[in-house]
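To keep things clear, I will list the structure first and then write my remarks on it.
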Number of protein chains: 2
Amino acid sequence: MSIKKHFFVLWVIIFFVPAVVFSYASESDYKTDALFLGTKGENSDFFLDMLNMMIKEHINWRQSFHPEDKPAISKEILNSPDAIDTRKKVKKALSELSIRMKEGSNPWFSSRYLGHMTSDLLLPGALAYMAALLYNSNNVVYEAGQATTKMELEVGLQLAELLGYDQKKAWGNITSGGTNANFQAIWYARNLKSFPLAVKAVLPDLVKGKSRQKLLNMTVSETLDLLDKVKNSTKYEAVLKHTVKGTGVDPKEIGKLLVPQSRHYSWDKAMDVFGIGTENLITVPVDINYRMDIDALDHIIAGLVQKNIPILAVVSVLGSTEEGSVDETYRIASLRDKYARQGIGFYYHIDAAYGGYIRSMFIDESGAFMSLEQARKTAQKRYHITESASWPQEQVYEAYKAVPQADSVTIDCHKLGYIPYPAGAIVFKDKRILSIQTFHAAYVKDTRANAPVSIGHYVLEGSKPGASAAAAWTAHQVSPLNVSGYGQILGRTIKTANMLYDLMIKTEPFETKNGRKYRIIVLIKPDLNIVDYVIKEVSNPSLEAMNKLNQAIYDECSYVSGNLMKKDFITSKTTFSPSEYGNIPLVFVRKCGLSDAEWNKTQSVLVLRSTVMTTYLSDESEFTAYFSNLIEIMKKVISKIEI
Amino acid sequence: MSIKKHFFVLWVIIFFVPAVVFSYASESDYKTDALFLGTKGENSDFFLDMLNMMIKEHINWRQSFHPEDKPAISKEILNSPDAIDTRKKVKKALSELSIRMKEGSNPWFSSRYLGHMTSDLLLPGALAYMAALLYNSNNVVYEAGQATTKMELEVGLQLAELLGYDQKKAWGNITSGGTNANFQAIWYARNLKSFPLAVKAVLPDLVKGKSRQKLLNMTVSETLDLLDKVKNSTKYEAVLKHTVKGTGVDPKEIGKLLVPQSRHYSWDKAMDVFGIGTENLITVPVDINYRMDIDALDHIIAGLVQKNIPILAVVSVLGSTEEGSVDETYRIASLRDKYARQGIGFYYHIDAAYGGYIRSMFIDESGAFMSLEQARKTAQKRYHITESASWPQEQVYEAYKAVPQADSVTIDCHKLGYIPYPAGAIVFKDKRILSIQTFHAAYVKDTRANAPVSIGHYVLEGSKPGASAAAAWTAHQVSPLNVSGYGQILGRTIKTANMLYDLMIKTEPFETKNGRKYRIIVLIKPDLNIVDYVIKEVSNPSLEAMNKLNQAIYDECSYVSGNLMKKDFITSKTTFSPSEYGNIPLVFVRKCGLSDAEWNKTQSVLVLRSTVMTTYLSDESEFTAYFSNLIEIMKKVISKIEI
């Protein structure tokens, strides 16, 4: 046996054996359950205890600041009729608030809610937000939120690690939401794109011999190297003034933004906001799985290259808003590399606002990203996802694996991070990119050399709640971003979504009390935990009639027809039309047994959309009962519509 | 006596007499005190009672949703060792959070904190946020936050009324902060500016005979009338595609943005973000009161007109970030009207992120805006602002009066509204402007004719916390936006700021234990409640030395030199330099007894900046004691620096 072989064996023992032990071990679901408030407030004693503890800590903090100072509000004032009267007014207003909230809120907490991307909140996140709110720190500047700025930077690096980036090189910050995170990406990408030309204008020697065309097609890493050089020159500010920041956008020059048809509408908004114009947005068709069609992407890029039109950026989606589909990031990264070798560079961003946290399902407790085989075994053994789902599909797995090849990623803590709004986030692979932004206000600038970072310098927002950072930080403390933390939570949702999908495709047509027969047809096998489907009257040959039925079901199962508290089931819906998805929905129309002529005539398919974020439905036998009940509810709802 | 005279007398009786009775009546400060938690948590029993009440209401709500459903988390699970262990982990994380928050937060609540724009929170706002957070509604779309969307729209209209707009015509929404509110204004203004040319491209008949130059100089109301016409045509979307939204920005054509030197840095950022370029930002000099110099503005506009350069917008500030100065809105509105008559139109926005709520001090309980005489009497009799302050100065009063002449106003609820972050807001005078934006996503679109408004269609943000709306709404319920509500609260801060100013200018030079003499010099008599000042060694002739001293004082009185809990006083600072303020700071340099040569050499003045948002210092005799103590603290701090 050679020494090499010895090392191999050793390596196997050190890395594989514990990986098997740790990754596949079935964890108790009880841990996850204890992290939520519960559909009936099962955890409310603990919740109230913790909240009262945190508030008492806060009040102690106030009291410990110059204990010699007398209280600002005297006992006399507190007990005065005016104060008593004021407190009555406060109580009255809060009571009215409670009434309004109870009448006009969605029961996200309930298993009967399978609609938008919302669910019960993680207790530690909600509690942390509530407690931190009292300190009301502001992460625009270190001075206004020392503790929470540190937490935001920590959360940024935790997310960087989750996404597979090198923590030493990466940067992450919290944003007001996914939209603002996407905005921040396009802001950086746009200004960076204009940087080489700005260098040519101010420091031409640095880019000597490079044509305008070449400068507009530099790769991100080449441009960052150039930025690094300029940063240390006295002309740094002068160069920045020659970027888009100073000169404004030239929409003819800045290049095209390529997004899949399934992109979030914030990308269209971004083209408007950032002055590039929606006419410079190119939507790449999706394939039958509602993932970006990479061949089409290649074809579009080739066409642009041929016409000498620069590409600003390519954006792909990890968990599309409407379908939960996962674009094949690894193929996009390969394309990017292929074109880079041809001298065509562009920025690559992943919009994982929804799907980002799912990556924790593939990270073992040592922090390593699993192999496909390990991931599948973990899915079955640890998350109890049915073997027949063969989850994750290879493309989904590879897509998650290749995430760190992107230049930046949007990932929302207030979606699959289960913390309160507002908490989107963005992570950049290479923090040198921050130097493309330099907005300072005199009163937020700290000139000391090693002054702490003020996040406001780098983000779109000004004032931003430190409480968001506290919530994400605390949630991550309790639930690490790997198999044992968020993986466990999200595993339950994927398991449930697969059970829902399975039962939907297996269920026989059902009959309403009026004797009419209906069946459920699912759009696609979900990549993650969003299930789109329609209910169709078996004998109905009309797409328009099917749409009407599903619109009516939606109306019955949403706020549209009144008090949500009286609903048996709540869902959301979405519509597929050629202007958004080309002819891809025809595949589904056919699956529904409808003719091509129906699609050509109606040009729109309305589907019901159930985001399965709840962790409360993961028990198999209970889910089966739940599903039977769901069918009964559907029968009732449809009977009502039929009459 | 003529009938007219009879009516006049009647009018006097009806309007004036009650106005005198209501407006000048001295209100008990006790009411205001009961609205805050207190420096030592004096109101904490009430706070905890209310919070527990709201949470119980929330849990009742959960339980009342399908009471027949069994709880998702069984007793067995809740009592399992795994759940107990998990709860221990949660408690540990929360305890660590508490420790971090207490170590790294600012004691905003204390009277010893006079720095940034933060203070103790209004109890009803904080409580409402915490309670609403549990419902986690999302105001991006009505469906995801029915109750809170309604509250946001109500708050928008309340703010419209506060600002003097016609509620029937206005629109207001909450934003993630003042920066995003300013962004929303420039977004609308920019796209509106490009609208007439878009009409020319698609529906030329509608603007027949109008030159390109004329179309780029249409007034806002002319453009809105045009928008109204187009909205009802089938070409509406086609026209919008020809605006900046579709085509991107042409920075040469979109016009210049005129802002005062004292503007918030978000305007510079906006020029970058919106693709217009900072080189198209023109900063208008300020006068010696740090208010926009209106003659200079007129001169700049005239110069641009002469060169056929369009003006995108003029922005003025109501309560500048660094000085709290109030630009003379009425003179700007007059200029706008003057140029409109010459065929030169531009958008007018007021950035009242800080100062907006102050307008409540001038609104009586019947909703009427007071006369200057009434306002001054109210200031003295009701808010107890010293007569010698003659507050409000006429310019400040007139500036507030003319607010509704602007096309839009930024106003932050999380600043002088005393509610938690994040809650900026923007109000537009004429809601027809909303039609310049139309971003819809299939899953947020509700196609029914009278479907409720989804705020996400009109704002920059996507997901946005409904809890912000709940907080502002509840605070406004308890404290109406007039003399008796916010007026009363803010009156105390203006009173305190004036006392601080008075004592600062009256105080004799003080001596440290080392026998060196110092005096306090105030930048300007404050328009509102921000006081900028320096401490100067009497014998010191050097500006550089004065700057060093004040930097050192700031370092001692901020996080820079360590634990804030050990500080006797906490302040913020800012710096005035020619690149930002031209030669205006020279006036102050001279006031400090320094030579012009010092200014020419050093080119920078560092001042300490105390925002007086606390309501806890309004008692005169207590304030006098506070001020003496402050001088003692300064002596101690300076002695430490001297050694």
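The values are calculated or read from the model by the stated rules, or taken from the named source; none is laboratory data. The structure displayed is predicted, hence computed values, not measured ones. Glycine gets a Cβ as well: all are built from the backbone with ideal geometry, and neighbour counts include every protein chain shown.
Restricted to helices (runs of 4 or more DSSP H) entirely inside segment A:566-643, those with at least 2 residues that are basic (Lys, Arg) are A:585-591, A:620-642.
Residues to consider are A:VAL199, A:VAL230; find the one that is among the β-branched types (Val, Ile, Thr), farther than 18 Å from A:ALA313 by Cβ and in contact (Cβ under 8 Å) with a residue 40 or more places away in the chain.
A:VAL199
For segment B:73-80, indicate whether the set of residues that are modelled with pLDDT of 95 or more and either among the acidic types (Asp, Glu) or on the phi > 0 side of the Ramachandran plot (or both) is non-empty. No, every residue in segment B:73-80 fails to be modelled with pLDDT of 95 or more and either among the acidic types (Asp, Glu) or on the phi > 0 side of the Ramachandran plot (or both). Please determine whether any residue of segment A:164-177 is facing chain B (nearest Cβ under 8 Å), in contact with a Gly (Cβ under 8 Å, 6 or more places away or on another chain) and either within 30 Å of B:PHE274 (Cβ to Cβ) or without any contact (Cβ under 8 Å) to a residue 60 or more places away in the chain (or both). Checked segment A:164-177: at least one residue is facing chain B (nearest Cβ under 8 Å), in contact with a Gly (Cβ under 8 Å, 6 or more places away or on another chain) and either within 30 Å of B:PHE274 (Cβ to Cβ) or without any contact (Cβ under 8 Å) to a residue 60 or more places away in the chain (or both). Could we say that A:ASP45 is of a type outside the set (Ser, Thr, Tyr) and at the interface with another protein chain (Cβ under 7 Å from one of its Cβ atoms) here? For A:ASP45, the condition - of a type outside the set (Ser, Thr, Tyr) and at the interface with another protein chain (Cβ under 7 Å from one of its Cβ atoms) - is not met. Which ones in segment A:40-74 are small (Gly, Ala, Ser) and out of contact with any Gly (no Cβ under 9 Å at 6 or more places or on another chain)? If the condition is that a residue be small (Gly, Ala, Ser) and out of contact with any Gly (no Cβ under 9 Å at 6 or more places or on another chain), then A:GLY41, A:SER64, A:SER74 are the ones that fit. Scan segment B:65-95 for residues that are part of a helix (DSSP H, G or I) and either among the aliphatic types (A, V, I, L, M) or more than 7 Å from chain A (Cβ to nearest Cβ) (or both) and the total you get is 14. Residue pairs whose Cβ atoms lie under 6 Å apart, separated by 6 or more positions or on different chains, with the first residue in segment B:295-310 and closer than 22 Å to B:THR329 by Cβ and the second part of a helix (DSSP H, G or I), are B:ASP298/B:LEU335.
For every residue, the table says whether it meets (1) at pLDDT 95 or above; (2) in a helix (DSSP H, G or I); (3) under 30 Å from A:TRP267 (Cβ atoms); (4) not small (Gly, Ala, Ser).
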position: A:ASP120; (1), (2), (3), (4): yes, no, yes, yes
position: A:LEU127; (1), (2), (3), (4): yes, yes, no, yes
position: A:ALA132; (1), (2), (3), (4): yes, yes, no, no
position: A:MET151; (1), (2), (3), (4): yes, yes, yes, yes
position: A:GLN167; (1), (2), (3), (4): yes, no, yes, yes
position: A:PHE183; (1), (2), (3), (4): yes, yes, yes, yes
position: A:LEU197; (1), (2), (3), (4): yes, yes, yes, yes
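Residues are listed down the side, and each one gets a yes or a no for (1) within 14 Å of chain A (Cβ to nearest Cβ); (2) assigned to a helix (DSSP H, G or I); (3) modelled with pLDDT of 95 or more:
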residue	(1), (2), (3)
B:ALA467	yes, yes, yes
B:ILE489	yes, yes, yes
B:MET499	no, yes, yes
B:ILE521	no, no, yes
B:ILE524	no, no, yes
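If you go through segment A:570-595 and keep only what is over 19 Å from A:ARG263 (Cα atoms) and either within 10 Å of another protein chain (Cβ to nearest Cβ) or among the hydrophobic types (A, V, I, L, M, F, W, C) (or both), you end up with A:ILE570, A:LEU586, A:VAL587, A:PHE588, A:VAL589, A:CYS592, A:LEU594.
Just one of the numbered conditions (1) away from chain A (no Cβ under 14 Å); (2) at pLDDT below 95 is not true of B:GLY562: (1). Applying the criterion of being at the interface with another protein chain (Cβ under 9 Å from one of its Cβ atoms) and hydroxyl-bearing (Ser, Thr, Tyr) to the residues of segment B:596-616, the residue that is nearest to A:GLU143 (Cα to Cα) is B:THR614. Considered as a group, the residues in segment A:205-246 that are crowded, with 21+ Cβ neighbours inside 10 Å and hydroxyl-bearing (Ser, Thr, Tyr) include one that is nearest to B:GLY277 (Cα to Cα), and that residue is A:THR243. You will find that of B:LYS536, B:LYS567, the residue that is surrounded by 15 or more Cβ atoms within 10 Å (Cβ to Cβ), closer than 19 Å to B:SER639 by Cα and away from every other protein chain (no Cβ under 14 Å) is B:LYS536 and no other. I'd like to check something: does segment A:453-467 contain any residue that is farther than 22 Å from B:PHE183 by Cα, touching an Asp or Glu at 6+ places or on another chain (Cβ under 7 Å) and surrounded by 24 or more Cβ atoms within 10 Å (Cβ to Cβ)? The answer is no, given that none of the residues of segment A:453-467 is farther than 22 Å from B:PHE183 by Cα, touching an Asp or Glu at 6+ places or on another chain (Cβ under 7 Å) and surrounded by 24 or more Cβ atoms within 10 Å (Cβ to Cβ). Would you be able to tell me the number of residues in segment A:537-577 that are over 26 Å from the mean Cα position of the chain (by Cα) and within 27 Å of A:ALA296 (Cβ to Cβ)? Selection size over segment A:537-577: 1. Among the residues of this structure, A:GLN146 counts as one that is within 7 Å of chain B (Cβ to nearest Cβ) and surrounded by fewer than 24 Cβ atoms within 10 Å (Cβ to Cβ). Among the numbered conditions (1) modelled with pLDDT of 95 or more; (2) in a helix (DSSP H, G or I); (3) within 13 Å of another protein chain (Cβ to nearest Cβ), tell me where A:LEU224 comes up short. It is condition (3) that A:LEU224 fails.
Go through segment B:393-414 residue by residue and tally those that are assigned to a loop (DSSP other than H, G, I, E, B) and closer than 29 Å to B:ILE186 by Cβ. The qualifying residues number 7. Checking each residue of segment A:75-92 against the condition of being in contact with a Gly (Cβ under 9 Å, 6 or more places away or on another chain) and of a type in the set (Gly, Ala, Ser) gives no match. Here the condition is being in contact (Cβ under 8 Å) with a residue 40 or more places away in the chain, touching a strand residue (DSSP E or B) at 6+ places or on another chain (Cβ under 7 Å) and in the same structural domain as A:LYS429 (by TED's automatic domain parsing); of A:ILE332, A:ILE288, it holds for A:ILE332 alone.
Exactly one of (1) farther than 24 Å from B:LEU48 by Cα; (2) in contact with a Phe, Trp or Tyr (Cβ under 7 Å, 6 or more places away or on another chain); (3) at the interface with another protein chain (Cβ under 7 Å from one of its Cβ atoms) is unmet by A:MET117. Its number? Tallying (1) farther than 24 Å from B:LEU48 by Cα; (2) in contact with a Phe, Trp or Tyr (Cβ under 7 Å, 6 or more places away or on another chain); (3) at the interface with another protein chain (Cβ under 7 Å from one of its Cβ atoms), A:MET117 fails exactly one: (3).
Here B:ASP268 fits the description: touching a residue at least 12 places away in the same chain (Cβ under 8 Å), under 28 Å from A:GLN437 (Cβ atoms), within 14 Å of chain A (Cβ to nearest Cβ) and charged (D, E, K, R). Note on segment B:369-384: among residues that are under 22 Å from the mean Cα position of the chain (by Cα) and assigned to a loop (DSSP other than H, G, I, E, B), the one that is surrounded by the fewest Cβ atoms within 10 Å (Cβ to Cβ) is B:MET370. Among the residues of segment B:521-534, those identified as touching a residue at least 24 places away in the same chain (Cβ under 8 Å) and under 24 Å from B:SER119 (Cα atoms) are B:LEU523, B:ILE524, B:LYS525, B:PRO526, B:ASP527, B:LEU528, B:ASN529, B:ILE530, B:VAL531, B:ASP532, B:TYR533, B:VAL534. Condition check: within 14 Å of chain B (Cβ to nearest Cβ) and either without any contact (Cβ under 8 Å) to a residue 60 or more places away in the chain or in contact with a His (Cβ under 9 Å, 6 or more places away or on another chain) (or both). Does A:SER463 satisfy that? Taking the combined requirement at face value, the residue satisfies it.
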